[in-house]
Amino acid sequence: MDRRHFIKLTAITGTTAALTACGNPENQLIRFIPEDDLIPGIATWKPSICPLCSAGCGVIARVMEGEAEVFRNGQPGVIKMGLAKKLEGNPEDAISQGKLCSRGQAAIQITYHPDRLDKPKKRSGERGGGQFVDITWDEAIKELTGKLDELAAANDQASLAFLARPRRGRRLDLVAELLQRFGAKAPVTYEFFSDEVLRRTNASAFGSHQLATVDLENAKFVISFGADFLGTWNSAVAQSVAYGRMRQAGAGARPKFVHVDARLTQTAANADEFVACKPGTEGLLAMAMAAIANKTADAGDYAPAKVAGKTGVPVEKIERLAREFAANGPAVALVGGAPLAHTNAAFHAHAVNTLNLAGNALNQPGGLSFVPQGSRAATRPLKEILDAAPKVLLIDDVNPVFASPASWKVADALKRVPFIVSFGSFVDETSALADLILPDHSFLESWVEAAPESGSAKAAPSKFGPVMRPLYDTRSTPDVLLEVSRGLAKPIAPAFPNTFEEYLAGGGNPSGLPPQSPTGLPPQTPVQYTEPQFDGEADQYPYHFMPYASQNLHDGSLAHLPWLQELPDPMTSGMWCSWVEINEKKAIELGIAQGDLVEVTSTQGSVRAPAFLNPGIAPDAVAMPVGQGHTNFTRYGTNRGVNPIAILAPATVAETGTLAWSATRVKIARVGGPDVDSLILFGGATRERPDWTHGRGDEH
Amino acid sequence: MAERSRWGTSAVFTPAHASAGDAIKAFFDSRPDTVAQPFDFSHQIHLSKGAVCTDCHTGVEQGPRAGIPNVNTCMICHSQIAIDRPLIKQLTEMQEKGLDLAWNRVYDYQPQAHVRFNHAPHIRAKVECSTCHGNQAEQTVARRAVNMNMAFCVNCHKEKQASNDCLTCHY
């Protein structure tokens, strides 16, 4: 599929007319009888769920009749069909409430992406060489079934592993149940920006292994410790809507929002007060505030005077913030992002929970609450398959080769796996290593469901049918898994329903098992402060390295969507590129000017990117957005910018084993002058960049 | 599609026409009246047997576009009527294979005119189909019997006291 095709599908009738006038190339293709009965030119809106993050926002898709190049019965051709043209938030949905973030808006590009895989592929060359040949679904399923039969025959079912994103919902439940009945271990999950440590701390403090829903709308004082809750953290759309209501509240004192961080994020820029705090000490500030709010006579190590020295926040400010927190109820504290990615992350999560308890924020208006959730499928961490390679690995929508430090050597570990199947819709760094790629339908073509853990005060599980018929010879991954389970020599017992649709219909509660409410308040296990551990000596590597979730590309899984590539970052206006944020004064001191090429070096390696001078970052920190630097991720994402994840040290959060991505120190050096092609900012430097290999200059 | 002209263009400038010749033809609205169709359909026969336009061109009363019938629409009648004719046999065979006819557009506007036409309000205003599409009872495959230039639209709008505001059609 070329770019012309993509434009044609997203454009409306005018474009169709233009192409027709030029001598319709589709006429060379056969034309299928339409399967839908649609009135041309009349739009209908159909509900679905955005798949791009775990928030599970309900969306509505505008569907109109259009012409599309499709595959039917393995044959390419043209058909008139209902095509999703635009996504908006679903006004009936408790999470999105009719709103949608920029990433959600761009989700429509997944379906029409010119590099989307349109049929099953089998590796034909060296592993990782990117050589694939087309095969039929029958051949593909037979091959996968054969591999699983081999494992079963050797009584080695435990050598099957499934790698997915840690999303709550029936899809992962189905995978877990299939694995269990086959005799394999629980699915392995991986996500770069993981909130697992907060979930675990919440489980210990509040009895709920999940993220809390924050009633921002009714809060009078909000303090966020690093949580980019208006941009990328947790349920950003729901939180933005609630925050908007908080800000637009009528009479009475204006609620106050304080943000604590080492870098001015988009969320921080919305705050009434920004408190710069040394990385890895945020929890101390929360503990000191809690002690003052509780009127604790002897706060010990958390006395403001002691905390001030470590956090860099003056005593008077700590005391004032604590007084404001205590006096302006309902007050609530949030934690997310960098504080939860230090080696002492559990302390920060515990400290913020302690502060919330001091403010009596639990289950109160303007405070925290936990949505009743069903038990979720047990999962295993990525480390387990890195340490002991499985014999058959199934990978669903996760790209750990890109989103893990080079020192984890994920690619090497995957190369040791004899047989890998990816269900990805695109070739990325991980699926390039697969032996078989069995492309999933896009979410608009599939049955979708979500049981959001947060974002709404009440449980808001939802499931919807396909918005449109599939364009290509793809198949819904849960359906493929069910088909494989039926085809095994020793069929799985008890048998599953035939399709994911039937599986969804079978369970009354989309989160699987019976709902359970958080019960009582078990005593919170105190976590003592330990000094954050950083990789790299401070004298040799003087800067804290702060990778952060890109507003557009998130953890890099969206770098293939051109709308998000071309969308300027809200704080720097950077687009289509990577950059290194350096404190403005520090940069002048170092002789680094805007756009200069800078080398950022950790003990693990180095990356080069243009400098962006930022007055809103600590002088001893440098930050880089995550998302760029793909080596193999469609024409829009490949070889653009650099990947800061690659140079992260393999430090982990002790309690969860998740990556401590804030625990790396770096040094920086200017290695060259400004290069107009490397730092692309909106306005002034904006221009066309016709540098992808095809798809430009051959249309219109 | 014709190769795009590189004359006087850059990578960022997209010319509306493939060549200067095409631009001149478009300017004088010089187009053939007949459009090759994949199937020897006769409007004349169908209308003479009592069919009406909306039997096949569904949606014209509800939406902006008149539907172009697919093979299934043909077979509503032709599964019973004239099933022994070679052309109808061809249709039956196509339906069995799930294949449709690739009709070519007869009427359209130059995209650069930015004209949007909506059938439904015209039908509601009781404008006859033949006003814009000519007398189909005299045509086999449809041909461009009426030159739908701006004067044609504006005159009719004037006559029927419909809006002649630019934004009525150009948006």
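On the basis of being open to solvent by 60 Å² or more (accessible area, probe 1.4 Å), in a loop (DSSP other than H, G, I, E, B) and at the interface with chain A (Cβ under 8 Å from one of its Cβ atoms), does B:Gln80 make the cut? No: the conditions fail for B:Gln80.
Within the stretch A:256-270, the set of residues being touching an Asp or Glu at 6+ places or on another chain (Cβ under 9 Å) and assigned to a loop (DSSP other than H, G, I, E, B) comprises A:Ala262, A:Thr265. Only one entry of A:Leu198, A:Leu230 meets the criterion of being in a loop (DSSP other than H, G, I, E, B) and touching a helix residue (DSSP H, G or I) at 6+ places or on another chain (Cβ under 6 Å), and that entry is A:Leu230.
Contact map, the stretch A:302-322: residues that are in contact (Cβ under 8 Å) with a residue 60 or more places away in the chain paired with residues that are open to solvent by 40 Å² or more (accessible area, probe 1.4 Å) and among the hydrophobic types (A, V, I, L, M, F, W, C), Cβ distance under 9 Å, separation 6+ or inter-chain. Pairs shown: A:Leu321/A:Ile292. Here A:Glu65 passes the criteria (1) of a type in the set (Asp, Glu); (2) at pLDDT below 90; (3) open to solvent by 20 Å² or more (accessible area, probe 1.4 Å) except the one numbered (2).
Number of residues in the stretch A:348-375 that are over 22 Å from A:Gln239 (Cβ atoms) and assigned to a loop (DSSP other than H, G, I, E, B): the value is 1. Based on what the data block shows, is B:Ala26 within 14 Å of another protein chain (Cβ to nearest Cβ), touching a residue at least 24 places away in the same chain (Cβ under 8 Å), assigned to a helix (DSSP H, G or I) and not β-branched (Val, Ile, Thr)? For B:Ala26, the condition - within 14 Å of another protein chain (Cβ to nearest Cβ), touching a residue at least 24 places away in the same chain (Cβ under 8 Å), assigned to a helix (DSSP H, G or I) and not β-branched (Val, Ile, Thr) - is met. If we scan the stretch A:104-113, do we find a residue that is farther than 19 Å from A:Ser446 by Cβ, in contact with a strand residue (DSSP E or B) (Cβ under 8 Å, 6 or more places away or on another chain) and within 14 Å of another protein chain (Cβ to nearest Cβ)? No, the stretch A:104-113 contains no residue that is farther than 19 Å from A:Ser446 by Cβ, in contact with a strand residue (DSSP E or B) (Cβ under 8 Å, 6 or more places away or on another chain) and within 14 Å of another protein chain (Cβ to nearest Cβ). Screening the stretch B:51-76 for residues that are away from every other protein chain (no Cβ under 12 Å) and open to solvent by 70 Å² or more (accessible area, probe 1.4 Å) and picking the one that is nearest to A:Pro34 (Cα to Cα) gives B:Ile76. Only residues that are more than 9 Å from every other protein chain (Cβ to nearest Cβ) and without any contact (Cβ under 8 Å) to a residue 60 or more places away in the chain were counted across the stretch B:98-114, and they come to 2.
In the set (1) touching a strand residue (DSSP E or B) at 6+ places or on another chain (Cβ under 6 Å); (2) surrounded by fewer than 16 Cβ atoms within 10 Å (Cβ to Cβ), the condition left unmet by A:Gln540 is number (1). Among the residues of the stretch A:287-298, none qualifies, meaning not one is closer than 21 Å to A:Ile318 by Cα, polar (S, T, N, Q), in contact (Cβ under 8 Å) with a residue 24 or more places away in the chain and buried (at least 21 other Cβ atoms within 10 Å of the Cβ).
The listed residues are A:Pro91, A:Pro76, A:Pro51, and the only one of them that is under 21 Å from the mean Cα position of the chain (by Cα) and open to solvent by 10 Å² or more (accessible area, probe 1.4 Å) turns out to be A:Pro51. Just to be sure, is A:Asp387 open to solvent by 40 Å² or more (accessible area, probe 1.4 Å) and either of a type in the set (Phe, Trp, Tyr) or under 28 Å from A:Leu553 (Cα atoms) (or both)? For A:Asp387, the condition - open to solvent by 40 Å² or more (accessible area, probe 1.4 Å) and either of a type in the set (Phe, Trp, Tyr) or under 28 Å from A:Leu553 (Cα atoms) (or both) - is not met.
The values are calculated or read from the model by the stated rules, or taken from the named source; none is laboratory data. The structure displayed is predicted, hence computed values, not measured ones. For neighbour counting, all protein chains shown are included, and Cβ atoms are generated from backbone atoms with ideal geometry for every residue, glycine included. Protein only, heavy atoms only, side chains kept; ligands, DNA and RNA dropped before computing areas. Shrake-Rupley method; radii C 1.70, N 1.55, O 1.52, S 1.80 Å.
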